Amino acid sequence: MIQDIYNYNLTLKGQFFVTRCIYMMAFCLIIFSCAEKEEAIPVVTDFEIEVLNNDFSVPVQVRLINKTQGADTYKWIFLGATPSQSTDRNPGTITYTEAGTYNITLEASNQDGNLAIKELEVPINAEIIAGFDLDVIGDLFPPVTVALTNTTVGANAFQWTFQNGTPETASTRNPNQVVFETPGTHRINLEVSNGLETQNVERSISVAPHLQATFDYEVSLEANDFQIPVTLTMINKSISATSYKWTFTGGMPATSTEENPTVTFNTVGTHTLQLEATNGKDTKIISQSISVQPNTNLRVFNAVRLGINTAHSTNTIGAFFSTTKQAVYTSEAVTTTNGGDIDIVFFGLNKDFEFNKFVTPDEAETLTFNAIPNAKRTKFINVQESCECTASLSVNAFDAITDDTFFKTLILEETEAGLQSFDGTVLPRIVLFETEDGRKGALKIEDFVEDGANSYINTVIKVQKR
């Protein structure tokens, strides 16, 4: 019995022991199984950069954006930057102050001993300063050759545009010479780039007009009837010329290299004025002809209008005439300078021409005019038909005068009757005169023109030259 109980207890203990062992073995299997399933965390190193202001030209600021996964520690190396390294997960902004190509390195690791490295190359460019010089070879007369010197810094790509030039474009740093043949202003544009930034700079070149030879001339007042001697002053209107050669056939001088020379012709005939203009690249020749007449010693003025006293005083139509200055003067135009040049004074009382008279300039004030300063004396015969004098000239004889032959023999003596006034009933009317310097002449009143206060006479005047 007792033995049975002992055996029974022993059986229970054995079962308990076995059961306990089984449980312990199961626990160990579970623990081992869990340990088998736990794995090391990998490190994935990744980062991006952001260039502030999108400008890769120094100084450059770069912000770092860390996208690494699975890491606990970080080691940054920034070659060429400030700062040069960091252990922060996000080191913020670094700065590059010199151009070059630099590496940013990130070494990331964790407690499991995993480590990964990433490098990123960053190109840092020098600041672009675009510019170029141009040098005109020779002058600005077409064709114009231009040499270009590229002064740009910080760029590695170039694009030139030459408006109306040959060539029209170029992509080299220093292109060959450019030729402009069209007159005017032309743009030269240079676009430069470093792959990230682009700049433009522009200058212009002005090409002078094509060479033109052209001229006019001005004849002296005394010779504007082209009777010998005739003196001309050249008025050079050439364009884009630098030197001149004049040739005057029959002139004095015969040639000249002045820009605006003066020449005198003393012989009758047709004479050639020739101008050869050059600018070193081109030469142009142009010529004109003039006809020089014999000297008649007679000056003829056609269609000279002399106003009545109201027209003269209101400065509409003058009543004073100068045969040497070839001009009509109103009251306002008379000065101390030109007063002595006035030869003829006409007085017309009114628009009906009831009372008309030519008077010597030094007595103009006797007929309501202001006194003429430095006035000279001129003899007149207003009324030939009643002058009781030897001097006489008919209308037909006046019209036939082509030189001063008649006036050479004319003896003009003023008489009281000859100085009388006349009305507008006789047309044409011939009035004889002699200036203070001895030049004799005659005028023909062709018409009495009624125009109210602006009425006037229309005359032809013939007078000896000085």
Looking only at the stretch 405-426, count every residue that is part of a loop (DSSP other than H, G, I, E, B) and either open to solvent by 80 Å² or more (accessible area, probe 1.4 Å) or closer than 19 Å to ASP343 by Cβ (or both) and tell me the total.
10
Could you grab me the full set of residues in the stretch 222-243 that are at pLDDT 95 or above and either in contact with a Pro (Cβ under 6 Å, 6 or more places away or on another chain) or of a type in the set (A, V, I, L, M) (or both)?
ILE228, VAL230, LEU232, MET234, ILE235, ILE239, SER240, ALA241
Matching residues in the stretch 143-169 (modelled with pLDDT of 95 or more and open to solvent by 70 Å² or more (accessible area, probe 1.4 Å)) number 6
Considering only the stretch 195-224, how many residues are among the hydrophobic types (A, V, I, L, M, F, W, C), within 26 Å of the chain's Cα centre (by Cα) and more than 24 Å from THR283 (Cα to Cα)?
1
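Just the residues that are touching a Phe, Trp or Tyr at 6+ places or on another chain (Cβ under 9 Å) and open to solvent by 30 Å² or more (accessible area, probe 1.4 Å), please, taken from the stretch 283-296.
Let us first name the residues in the stretch 283-296 that are touching a Phe, Trp or Tyr at 6+ places or on another chain (Cβ under 9 Å), namely 286, 288, 290-293.
Residues satisfying the conditions are ILE286, GLN288, SER291, GLN293.
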Go through the stretch 63-142 and tell me which strands (runs of 3 or more DSSP E), entirely inside it, have 2 or more residues that are under 30 Å from PRO209 (Cα atoms) and open to solvent by 30 Å² or more (accessible area, probe 1.4 Å).
132-137
List the residue pairs whose Cβ atoms are under 6 Å apart, where the first residue sits in the stretch 205-224 and is without any contact (Cβ under 8 Å) to a residue 12 or more places away in the chain, the second is open to solvent by less than 20 Å² (accessible area, probe 1.4 Å), and the two are 6 or more positions apart or on different chains.
ALA223/VAL230
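From the list THR337, THR324, which residue is open to solvent by 60 Å² or more (accessible area, probe 1.4 Å), modelled with pLDDT of 95 or more and not basic (Lys, Arg)?
Details: THR324 fails: open to solvent by 60 Å² or more (accessible area, probe 1.4 Å).
When all the criteria are applied, what remains is THR337.
Of a type in the set (A, V, I, L, M), under 29 Å from the mean Cα position of the chain (by Cα) and modelled with pLDDT of 95 or more: is that true of VAL192 in this structure?
Numbers: of a type in the set (A, V, I, L, M): yes; under 29 Å from the mean Cα position of the chain (by Cα): no; modelled with pLDDT of 95 or more: yes.
For VAL192, the condition - of a type in the set (A, V, I, L, M), under 29 Å from the mean Cα position of the chain (by Cα) and modelled with pLDDT of 95 or more - is not met.
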Subset tally (residues that are touching a strand residue (DSSP E or B) at 6+ places or on another chain (Cβ under 7 Å), farther than 16 Å from VAL460 by Cβ and either among the charged types (D, E, K, R) or without any contact (Cβ under 8 Å) to a residue 40 or more places away in the chain (or both)) for the stretch 305-321:
1
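Of all residues in the stretch 383-398 being in a loop (DSSP other than H, G, I, E, B) and either open to solvent by 30 Å² or more (accessible area, probe 1.4 Å) or in contact with a Lys or Arg (Cβ under 6 Å, 6 or more places away or on another chain) (or both), which is modelled with the highest pLDDT?
To start, the set of residues in the stretch 383-398 that are in a loop (DSSP other than H, G, I, E, B) comprises 383, 387-394.
Those still in the list that are either open to solvent by 30 Å² or more (accessible area, probe 1.4 Å) or in contact with a Lys or Arg (Cβ under 6 Å, 6 or more places away or on another chain) (or both) too: 388-390, 392, 394.
Working: GLU388: 86, CYS389: 88, THR390: 88, SER392: 93, SER394: 96.
Filtering first and then ranking leaves SER394.
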Give the residues of the stretch 328-344 that are closer than 19 Å to VAL431 by Cβ and without any contact (Cβ under 8 Å) to a residue 24 or more places away in the chain, sorted by residue number.
TYR329
Among the candidates ILE461, ILE401, residue that is touching a strand residue (DSSP E or B) at 6+ places or on another chain (Cβ under 6 Å), among the aliphatic types (A, V, I, L, M), under 25 Å from LYS351 (Cβ atoms) and open to solvent by less than 30 Å² (accessible area, probe 1.4 Å)
ILE461
Six or more apart or on different chains, Cβ atoms under 9 Å: show the pairs whose first residue is in the stretch 345-374 and at negative phi and touching a residue at least 12 places away in the same chain (Cβ under 8 Å) and whose second is buried (at least 22 other Cβ atoms within 10 Å of the Cβ) and among the acidic types (Asp, Glu).
PRO361/ASP343
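Restricting to strands (runs of 3 or more DSSP E) lying wholly in the stretch 214-331: which have 1 or more residues that are of a type in the set (Ser, Thr, Tyr)? Show your work before the answer.
On the way: elements: 215-219, 230-236, 243-248, 262-265, 269-278, 283-292, 298-307, 320-322, 327-329.
Output list reads 215-219, 230-236, 243-248, 262-265, 269-278, 283-292, 320-322, 327-329.
Name the single residue that is nearest to PHE301 (Cα to Cα) among those in the stretch 436-458 being in a loop (DSSP other than H, G, I, E, B) and open to solvent by 10 Å² or more (accessible area, probe 1.4 Å).
Within the stretch 436-458, the subset in a loop (DSSP other than H, G, I, E, B) is 436-439, 450, 452, 454-455.
Now drop any that are not open to solvent by 10 Å² or more (accessible area, probe 1.4 Å), which leaves 436-439, 450, 452, 454.
Numbers: GLU436: 19, ASP437: 19, GLY438: 18, ARG439: 15, GLU450: 22, GLY452: 25, ASN454: 21 Å.
Checked the stretch 436-458; the qualifying residue nearest to PHE301 (Cα to Cα) is ARG439.
The values are calculated or read from the model by the stated rules, or taken from the named source; none is laboratory data. All values reported here derive from a predicted model rather than from experimental measurement. Using ideal geometry, Cβ is built from the backbone for each residue, glycine included, and neighbour counts are taken over all protein chains shown. These accessible areas exclude ligands, DNA and RNA; they are computed on the full protein's heavy atoms, side chains included. Shrake-Rupley method; radii C 1.70, N 1.55, O 1.52, S 1.80 Å.
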